[in-house]
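S.K.: Following this message is one structure expressed as structure tokens.
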Amino acid sequence: MKNLLWQYRKANESLTLQPVPQLPSEDPLRVSYEALCRGDPSHDETYLYPGYCHLRKTAIPYCPAKEEILRLDPYISIFHDVLTDTLANQLLQTASPQLFRATIGDPSIAVESDIRISKVAWLWDNDQHNIFIKTISERVAEITGLSTTYRDVLSDAEPFQVVNYGMGGQYEPHHDFYETRASLKNAPLHLQDTGDRIATFMFYLNDVKAGGATVFPNINIRVPPVKNGAAFWYNFKPSGQHEMDTQHAGCPVLLGEKWVANKWIREFGQMFRRKCKLSENSLETD
């Protein structure tokens, strides 16, 4: 034993400390994304309304919506209790047998990728066997003031995309709008000539045991997956320009699973509902 200790001391006496190699600086977007998913506190308070809640007027005066405004520029909020357990379960049960592996990219060349690990199903407003789907779409219109009318051509909104994230399921930072205007030409018939996705309304259909938040890494916003709630944001500025700060991600599910239902609202049909502002720098609330 003494011999071993002596050999250890002699070996360490000859050691020369070397400087620790510096790792290349990490992508700030990645750093912010991972910090928000961990739940690290945010230090960004620009236009931030933490916990600012109010009753938002809807198309039905006696049925206001519980809205929590998270940020004004870009406008991001979460609505609470906009679904019932019954409707959430109906969406979940109807979508379950139709699920298939999610893809990314232009509709004409969509591919499977580890960037997006989930399964999806599409539920249509014109499904005569499940009229509750149209009822939920109408509720989105009542709350947002935007049109969600579905048509076989020139539709004002897309069908619901119901998404299931299992344990480890996630979607890395991305935008909901199309990468280029040319990509819009590859949209299905009912969305041809309807413009881009002007807004996103995303329902949370279940309680997530751990993980699964929706985060906006450019602006340090974290939206928890609150059952029967819904996140809402505009993908375009009031001036009509892309809202780049709406780049968002679905954090990995650490325990259990996560179910959401996306309603993407198109530009067509909103010309008299969300009018352009006089200044390109105007906020949604101006």
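S.K.: Given the options A157, Y234, P217, identify the residue whose Cα lies farthest towards the positive end of the charge dipole of the chain (+1 on Cβ of Lys, Arg; -1 on Cβ of Asp, Glu).
M.R.: Going by the charge dipole, the pick is P217.
S.K.: Give the span of segment 114-169's Cα atoms along each principal axis, as three whole-Å numbers ordered largest to smallest.
M.R.: 34, 26, 21
S.K.: Now for a separate question. Can you give the local net charge around E112? Use residues other than it whose beta-carbon is closer than 13 angstrom to its beta-carbon, Lys and Arg +1, Asp and Glu -1.
M.R.: Net local charge, E112 excluded: +2.
S.K.: Could you tell me which of L92, G195, C53 has its Cα farthest along the dipole of the chain towards the positive end, charges placed at Cβ (Lys, Arg +1; Asp, Glu -1), taken about the Cα centre?
M.R.: Going by the Cα projections, it comes out as L92.
S.K.: Next up: Could you tell me which of the pairs K57/K227; K227/K275; K185/K227 are separated by over 28 angstrom between their Cα atoms in the structure shown?
M.R.: Too far apart for the 28 Å limit: K227/K275; K185/K227.
S.K.: If only Cα atoms are counted, what is the Rg of the chain, and what is its Dmax, in Å?
M.R.: In order Rg, Dmax, the Cα atoms of the chain give 23.0, 88 Å.
S.K.: Counting Lys and Arg as +1 and Asp and Glu as -1, what is the net charge of the other residues whose Cβ lies under 9 Å from the Cβ of I198?
M.R.: +1
S.K.: Now, a different point. Under 17 Å between alpha carbons, and skipping anything fewer than 8 positions from K119 in its own chain: which lysines qualify?
M.R.: Straight-distance partners of K119: K258, K263.
S.K.: From the C-alpha gyration tensor of segment 200-284, pull out the three semi-axes of the equivalent ellipsoid (sqrt of 5λ each), sorted largest to smallest, in whole Å.
M.R.: Taking √(5λ) for each Cα gyration eigenvalue gives 29, 15, 9 Å.
The numbers here are math on the coordinates, done by the rules we state, and not lab data. Being a predicted model, the structure only gives us computed values, none of them experimental. Backbone-built Cβ (ideal geometry, glycine too); neighbour counts: all protein chains shown.
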